[in-house]
Structures are given as structure tokens and as C-alpha cells.
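Just below is one structure, and these are the notes that go with it.
The values are calculated or read from the model by the stated rules, or taken from the named source; none is laboratory data. All values reported here derive from a predicted model rather than from experimental measurement. Here the Cβ is made from the backbone with ideal geometry for all residues, glycine too, and neighbour counts use every protein chain on show.
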């Protein structure tokens, strides 16, 4: 079997091994492939039977020109870059990685929150700039310092990552409420489910952990922001398009939202004209919640198992059944 990995660098910049895929067939790995040039994508896939991608899109035109494709594997959980219906029509299973980064992503959401509460990076730099050395007092701080104990976190999307985030928040003494279209018993053991409007009204911190679907795109917008508490904190390390970015920037600049911690934006890499780059109290990191070596190693293992299962005739983690 010929296997092509279209954009392997972010998954494996050199600290992991492609050996698992190499054992399954003739492997070609590209660090990066154009996200917009269909001809490059088609050329690189060539006559490969298995195509592995992270962010390189595979649309109906690509599939039509690459008739040998029998399998599309994701190096990610999200699969909105694949025309899953076109793949289904051609009998091509699309397999994703559903569970590799639960702990890492939940940990990062809380890291964003703690940075907002304490601005540790800022105060670390201030010390090294000599400000503590020359301070008239034994301490100083440049931002309000926030204690989380007793405050309420509202989590939108209460699957594995949302529940892991809620568990950590409770360990910090926070109350947790959750919204999800499909409540589960495991979720109920962590937090009560409430309506979106109730979550907006009650939450001191709102953390987004829902997938990107047409019904969730632009979920955080001017109208929903108006339903939130004044001074709320917003966290998003799920999907950038869940947020209408100009509306969030306006809310940050007006103070309606006190601060935002974001690991994702609508277009990645971020564009220089993104309004969040100049918004007040907005922390932005470059989509790295998923990237600890431990979670990438799990992702690699699952991606290999997905392809191996397909080869054996029993595909798993298929999203376009």
C-alpha cells in the first residue's frame, strides 16, 4: 500500500518516529502541503491508496483526480477539512483521532485561565527588568489578581475534554455548570447541565470545548455576549470559528468581557489584521494545546492503529459512516 502524509511536521517535528506507518506500506511524508493549491495536493497524493492529513484539505475535486484513494486518515480530532460526504459516496472511510489530547487540552485551558488570573509571565519579566529591585514596597502587581475559589465556570461542550477541564476547575474550588446537546451520566457526576442562557448568566468563566459544526459556528457573538455577566472571562482552545472575533474584540475593549484566553483563531496562522491582536486583555497562543510530546505520541499510535484496522478490513474511528 502506498501511504502519503501531506503535512506531518506539526505532528512530528523530529521527536517521534513514522516507523508504525512504514511497517504498513510504502510511505512518503511531506512536512507541509499547500492548503489552497488543489494541484499540489493532487500531485502529492498521486496514486497513493492511503492519505493522511492534519490541516491539508481533501475535497471532492481532489478525490476525483486521485482515483486510488481508499482511505483518508486524520492526524487530528477535527475533520471539517475533509468533504466527508464525497468520501462516503466514493466508499472512502475518513478516520479521526478522538481521544489523544484530553489531558493536555484541559490542562492548557486551565493554564490560560491561571495566566489571566495572575499574569505570571508579565510579572516575571517585570522582575527581570529590575522593577522589584527598585520597588518601594516588598511586592507589586500590575493587574487585578483573581482568586478562582467559589467562582463559577460554565463549560460549553461537555465531552471528554470539557469534563476533564471541569474536574480541574472543581479541584481549584470552582463551581461548574455545563451545556451539551447530548448530556451523559459521566458529565452529570461532575456538574449539572443547564441551558445556554443560564450558563451565560451564571458563569464568571466560560470555557469552550465544543466541536465546530454549522450550528456552533459564531456561537460567541454580540447577542450571546450581552447575555453574559459583566467582567466574564472567556477561554477558547477548541475551534477559532466558534467566536465572532470582532464581537469579542469589541467586548474586550469595552470591558464587558474582562479577559480572553485563546489558543485558536478563525484563520491559522493568525492574520495581522485580526482584531484580537489589539484587543485589551487578550492572551493568544499559537494552537499548541494539543502539542505536548506525550499527546502527540498517543495521536501517532492511534493514527497507525486506524490505518492498520482498515487494512485488516475492520476500520475504526470512522466519522463518515
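Structure summary
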| quantity | calculated |
| --- | --- |
| Failed item, numbered, when residue 103 is tested on (1) more than 14 Å from residue 320 (Cα to Cα); (2) outside any helix (DSSP H, G or I); (3) in contact (Cβ under 8 Å) with a residue 24 or more places away in the chain | (2) |
| Matching residues in segment 121-159 - criterion: being outside any loop (DSSP other than H, G, I, E, B) and within 23 Å of the chain's Cα centre (by Cα) | 121, 152, 153, 154, 155, 156 |
| Qualifying strands (runs of 3 or more DSSP E) (wholly inside segment 1-72; at least 1 residues being touching a residue at least 60 places away in the same chain (Cβ under 8 Å)) | 2-5, 50-53 |
| Residues of segment 266-307 satisfying the condition of being crowded, with 16+ Cβ neighbours inside 10 Å, more than 19 Å from the chain's Cα centre (by Cα) and over 30 Å from residue 245 (Cα atoms) | 304, 306, 307 |
| Sole exception among (1) out of contact with any helix residue (DSSP H, G or I) (no Cβ under 7 Å at 6 or more places or on another chain); (2) closer than 23 Å to residue 280 by Cβ for residue 136, by number | (2) |
| Condition broken by residue 119, with the remaining ones in (1) buried (at least 20 other Cβ atoms within 10 Å of the Cβ); (2) in contact (Cβ under 8 Å) with a residue 40 or more places away in the chain; (3) in the same structural domain as residue 141 (by TED's automatic domain parsing) satisfied | (2) |
| Qualifying residue in segment 124-144 (condition: crowded, with 16+ Cβ neighbours inside 10 Å and under 30 Å from residue 179 (Cβ atoms)) | no |
| Set 106, 86, 50: member being under 30 Å from residue 158 (Cα atoms), buried (at least 19 other Cβ atoms within 10 Å of the Cβ) and in contact with a helix residue (DSSP H, G or I) (Cβ under 7 Å, 6 or more places away or on another chain) | 106 |
| Complete set of residues in segment 177-223 that are closer than 16 Å to residue 255 by Cα, in contact (Cβ under 8 Å) with a residue 12 or more places away in the chain and surrounded by fewer than 19 Cβ atoms within 10 Å (Cβ to Cβ) | 221, 222 |
